[in-house]
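Asks: For reference, the structure I am asking about is given below.
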Amino acid sequence: MSLVRKFIVSLLRLKEIFVVDYEFKIRDRALHLWVRPYKSGCLCPQCERRCTILHVCASPRMWRDMPVCGWSVFFCYHPKEIFCPTHGRIQERIPWAEPYARITYRFEYALLVYGQLMTQKATARLLHISASTLSDLLHQSITRLRDGHRIRGLTSIGMDEISYCKGHKYATIVYDLDRSCVVWVGQGKGRDTIDLFFQESLSPYQRDQILWAACDMSEAYIGAIQEHCRNATLVLDRFHIVKAINAALDEVRKEQWREASAQERKILKGLRWLLFKHSSTRSKNDSRILHALQRGNRRIYRAWLLKDEFEHFWDFKTQWAAERFLKRWTTAALRTRLEPMRKLANTVRKYSTQIISFVESRLTNAVAEGLNRIIKIVKNRASGFRTLDAFTDMIFLTVGDVDIPAQIPAEFRAL
Ligand SMILES: [Zn+2]
């Protein structure tokens with residue numbers, strides 16, 4: 001072997017592969033490497049037995065490899081059809097790529113790792129392919145590597161909705177809260193979507209194995225979990241409850257703002273974010289403003305007081321104390337003449353068992369919220385997704401239950 005060919009083999013770290021010839025295509029900025037997989041004979045892709053050659057493909061096939069110094073690199077080879085005593089007529093094993101793939105394992109690995117780290121546009125540019133080819137390749141690759149994967153050992157689940165496109169297109173995401181990853185993504189946020197998850201992705205045995213479930217106060221989620229998971233304790237998610245209380249409080253504030261005169265509005269100005277603040281992050285000045293509010297606007301102050309009191313709920317250690325607290329809180333809320341607060345109190349009363357189960361379980365969707373943050377970053381990076389498929393691909397690639405790049409054969413996992 002000439003020195004140059006030896007150099008190329010070492011540089012590209014090609015094991016088991018021989019470079020027969022190379023060719024620089026100046027106009028295409030491409031390096032074509034004519035390669036041969038084995039010293040002698042061809043191997044069956046299924047049993048690795050050395051087999052007899054039946055015929056050699058007339059036209060060469062090309063596989064795209066990682067670009068080097070601005071050159072796109074291609075492997076070229078005439079694959080052979082062989083005869084295996086066990087598996088019959090079959091195409092020989094190609095050590096650098098999946099059967100019938102157009103890219104090498106190494107390229108595929110780069111595609112997946114870059115896809116986790118950066119925008120598809122940037123990935124496409126680094127790998128010398130167009131953005132549309134890239135999304136096709138990603139989809140094929142992720143589908144293949146996740147193929148046959150089953151959900152395993154699921155005991156705590158979380159459910160949440162997320163919008164993936166402008167115009168209110170929603171997807172439901174199911175999380176494994178123990179392993180903090182996404183196990184399922186489905187179109188829509190209604191009951192039928194969730195039923196689909198329980199029926200198609202889990203066996204009856206697996207459904208019975210679920211002991212904890214966290215979700216927000218949506219009828220669809222609660223109903224589905226109660227129906228499908230007999231052994232699960234449902235915990236309404238802390239973040240969503242806090243969010244609902246804040247929303248009710250904001251409703252009261254807006255009402256008062258609409259009715260207020262110019263003079264009164266002076267007191268209400270800049271209240272919005274202050275009202276949402278947790279007591280631990282309140283400054284002295286904040287307390288002063290809230291004090292002034294007590295005299296300035298009783299209604300907002302009362303709503304805020306209810307919200308502030310509810311913070312204590314999360315500290316209870318015993319169920320009976322939490323229950324007593326919740327009863328008092330809802331009664332107090334219902335006594336006010338603040339419609340949003342009364343509405344909320346009724347919902348809280350309705351789901352009080354599920355809210356109180358937090359005390360024992362301490363289960364929250366915090367893990368899910370963390371994952372959601374990553375998903376939102378991915379979404380914003382891509383400035384939204386037109387199809388759910390593309391969105392699902394990216395979710396599974398970044399926070400899925402399978403480490404997708406790790407599915408590529410180890411010797412090709414280098415960047
Ligand atoms: Zn065979």
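Asks: Expressed in nm to one decimal, what extension gain is obtained for the pair residue 380 and residue 151 from 0.36 nm per residue of sequence separation less their Cα-Cα distance? Intermediate results must be reported in sequence, preceding the final value.
Replies: Working: separation 229, 0.36 × 229 = 82.44 nm, distance 2.81 nm.
Contour length minus the Cα-Cα distance gives 79.6 nm.
Asks: Continuing with this model, one more query. Of 225, 162, 173, which has the largest mean-square fluctuation in a 10 Å C-alpha GNM of the chain?
Replies: The residue with the greatest mean-square fluctuation here is 162.
Asks: Where Lys and Arg each count +1 and Asp and Glu each count -1, what net charge lies around residue 13 among other residues with Cβ under 9 Å from its Cβ? Before the final figure, lay out the partial values.
Replies: Values: positive: 15, 106; negative: 411.
That sum, taken over residues with Cβ under 9 Å, equals +1.
Asks: Okay, next question. Would you look at the GNM of the chain, springs on alpha carbons closer than 10 Å, and say which of 215, 47, 165 moves the most?
Replies: In this elastic network of the chain, the residue with the biggest mean-square fluctuation among 215, 47, 165 is 47.
Asks: I'd like the FRET efficiency for residue 143 and residue 257, computed as 1/(1 + (r/R0)^6) with the beta carbon distance as r and R0 of 41 Å, rounded to 0.05.
Replies: Details: r = 51 Å, r/R0 = 1.25.
Given R0 = 41 Å and the Cβ-Cβ separation, E is 0.20.
Asks: Sticking with this one: Sort out for me the Cα centre separation of the stretch 387-415 from the stretch 309-371, rounded to whole Å.
Replies: Going from one Cα centre to the other spans 39 Å.
Asks: Return 49, 258, 238 ranked ascending by Cβ neighbour count within 10 Å, so the fewest neighbours appear first. Spell out each step's value before the answer.
Replies: Details: 49 14, 258 7, 238 19.
With the fewest neighbours first, 49, 258, 238 line up as 258, 49, 238.
Asks: A further question follows. Beyond 35 Å, what percent of the Cα pairs of the chain remain?
Replies: 49
Asks: Something else about it: Using 0.36 nm per residue of separation minus the Cα-Cα distance, give me the extension gain between residue 289 and residue 337 in nm, one decimal.
Replies: Length gained between residue 289 and residue 337: 15.0 nm.
Asks: Determine the calculated [θ] at 222 nm for the chain from helices alone, applying -39500 (n - 2.57) to every DSSP H run no shorter than 4 residues and normalising by the residue count; nearest 500 deg cm²/dmol.
Replies: Numbers: 17 runs with 194 residues, N = 415.
One gets -14500 deg cm²/dmol as the mean residue ellipticity at 222 nm.
Asks: For the pairs 307/350; 189/243; 169/327; 284/376; 284/379; 121/277, note any where the Cα-Cα span goes beyond 29 Å.
Replies: Values: 307/350 18 Å; 189/243 19 Å; 169/327 38 Å; 284/376 34 Å; 284/379 39 Å; 121/277 39 Å.
Going by Cα-Cα distance, 169/327; 284/376; 284/379; 121/277 fall outside the 29 Å limit.
Asks: If you plug each phi of the stretch 253-258 into the Karplus form 6.51 cos²θ - 1.76 cosθ + 1.60 with θ = phi - 60°, what whole-Hz ³J(HN,Hα) values come out, in order, with x for Gly and Pro?
Replies: Going residue by residue, I get 4, 5, 4, 5, 5, 5 Hz, with x marking Gly and Pro.
Asks: To make sure I understand, if each residue's beta carbon is the centre and we count other beta carbons within 10 Å, what order do 237, 192, 308 fall in, fewest to most?
Replies: Numbers: 237 26, 192 11, 308 17.
Result, fewest neighbours first: 192, 308, 237.
Asks: Follow-up question, since we're still on this one. Determine the relative contact order of the chain: mean sequence separation of Cα pairs under 8 Å and six or more apart, normalised by residue count, in whole percent.
Replies: Working: 583 pairs, mean separation 60.3, N = 415.
So the answer I get is 15 percent.
Asks: Could you work out the relative contact order of the stretch 1-102? I mean the mean sequence separation of Cα pairs under 8 Å and 6+ apart, divided by the number of residues, in percent.
Replies: Numbers: 179 pairs, mean separation 23.9, N = 102.
Over the stretch 1-102, the number comes to 23 percent.
Asks: For the residues 98, 227, what sequence is obtained by ranking on other C-beta atoms within 10 Å, fewest first?
Replies: Details: 98 19, 227 13.
Ranking 98, 227 by Cβ neighbours within 10 Å, fewest first, gives 227, 98.
Asks: Here's something else I'd like to know. When DSSP beta bridges are limited to those with both residues in the chain, what percentage is antiparallel, rounded to the nearest 5?
Replies: If I count the DSSP bridges inside the chain, around 75 percent turn out antiparallel.
Asks: Considering the alpha-carbon set of the stretch 1-148 alone, what are its Rg and its Dmax in angstrom?
Replies: Considering the stretch 1-148 through its Cα atoms, Rg and Dmax are 16.4, 47 Å.
Asks: Which residue, 186, 158, 223, tops the fluctuation ranking in a GNM of the chain built on C-alpha contacts under 10 Å?
Replies: Maximum fluctuation in the GNM of the chain, among the listed residues, is at 223.
Asks: Roughly how compact is the stretch 238-361, stated as its Cα Rg over 2.2 N^0.38 Å to two decimals? Spell out each step's value before the answer.
Replies: Working: Rg = 15.0 Å, N = 124, 2.2 N^0.38 = 13.7 Å.
Computed over Cα atoms of the stretch 238-361, the ratio equals 1.09.
Each value in this text was obtained by applying a stated rule to the coordinates, not by laboratory testing. Treat the numbers as computed from the prediction; the structure is a model and nothing was measured. Cβ: placed from backbone, ideal geometry, glycine included. Neighbour counts: every protein chain shown.
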